[in-house]
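Asks: Just dropping this structure here.
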Amino acid sequence: MDLIQLNIKGISYSQTQTGSYALILEEESGVRKLPIIIGSYEAQSIALALESDLITKRPVTHDLFVTLGRMYHLNLKYVIIYKLEEGIFYSDMYFENTQGEEKVLDSRTSDAIALAIRFHAPIYTNKMVLDSAGVILEVGTPNDTKPKESIKDLETRLEEELSQLNMFSDYTLEELENKLNEAIRDEDYETAAHIRDEIDNRK
């Protein structure tokens with residue numbers, strides 16, 4: 001499988017959907033960008049990892065995970081965002097111990113990226129994901145055969161995705177708690193995270 005390395009370009013806050021952010025990744029040897037909608041906690045954790053001069057009084061969950069990994073001599077080699085299905089990105093984390101044994105862990109993409117930053121591990125995706133969800137923000141030239149997406153178009157598309165993620169706004173707190181339990185039971189942790197954010201916003 002041909003892998004495409006991604007770099008983090010930044011995190012954008014949504015002015016219309018409280019608690020939602022767009023994490024922007026960009027292919028290293030190209031101009032396409034990959035926007036991923038994440039929750040407020042995940043955005044905060046990623047931002048803390050990017051700002052090396054910011055130190056929290058107590059370690060956040062991702063910091064604790066890194067400390068535990070290093071204590072048991074586990075190193076995160078790389079992260080692969082390998083699939084996009086129904087608007088949800090799927091990722092694997094590839095760990096290696098001192099004996100060279102490799103272990104693969106399924107992970108929410110936001111968690112995988114938060115840990116990749118802390119372990120200084122590269123982030124990859126594949127052509128299928130980038131062709132499906134990648135956008136180009138640069139201004140096109142007259143010779144371009146494929147239209148490029150403007151920043152305004154990207155913002156509009158992100159707002160539409162955010163609106164879809166806010167599909168739980170009409171549910172009561174009791175219904176949300178039931179939906180959360182269902183998502184956890186089905187191991188649909190991405191949906192569970194969005195429901196949890198909606199519950200947190202209500203409290």
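Asks: Tell me, 25, 76, 173, 48 in order of fewest to most beta-carbon neighbours within 10 Å?
Replies: In increasing order of surrounding Cβ atoms, one gets 173, 48, 76, 25.
Asks: Also, I was wondering about something else. With a Förster radius of 22 Å, plug the Cβ-Cβ distance of residue 85 and residue 2 into 1/(1 + (r/R0)^6) and report the FRET value to the nearest 0.05.
Replies: Given R0 = 22 Å and the Cβ-Cβ separation, E is 0.65.
Asks: Can you put 28, 51 in order of Cβ neighbours within 10 angstrom, beginning with the fewest?
Replies: If I rank by nearby Cβ atoms, fewest first, I get 51, 28.
Asks: Shifting gears a bit: Could you give each residue of the range 93-103 its phi-based ³J(HN,Hα) in whole Hz, using Karplus coefficients 6.51, -1.76, 1.60 with θ = phi - 60°, and x for Gly or Pro?
Replies: Listing the rounded values in order: 10, 9, 9, 9, 9, 5, 8, x, 6, 9, 10 Hz.
Asks: For a quick check: with amide H placed at 1.01 Å from N, whose amide H comes under 5 Å from residue 77's, ignoring anything fewer than 5 positions away on the same chain?
Replies: For residue 77, whose amide H was placed from the backbone, the distant partners under 5 Å are 94, 95, 96.
Asks: To continue, here is another question. Cα-Cα over 21 Å: which of 33/103; 103/179; 33/179; 83/127; 9/127?
Replies: With Cα atoms farther than 21 Å apart: 33/103; 103/179; 33/179.
Asks: Which order do 124, 90, 72 fall in if you start with the one that has the fewest other Cβ atoms within 10 Å?
Replies: 72, 90, 124
No lab work stands behind these numbers, since they all come straight from the coordinates. On a predicted model such as this, the values are computed, not experimentally measured, just so you know. No Cβ is skipped: glycine too gets one built from the backbone with ideal geometry, and neighbour counts run over all protein chains shown.
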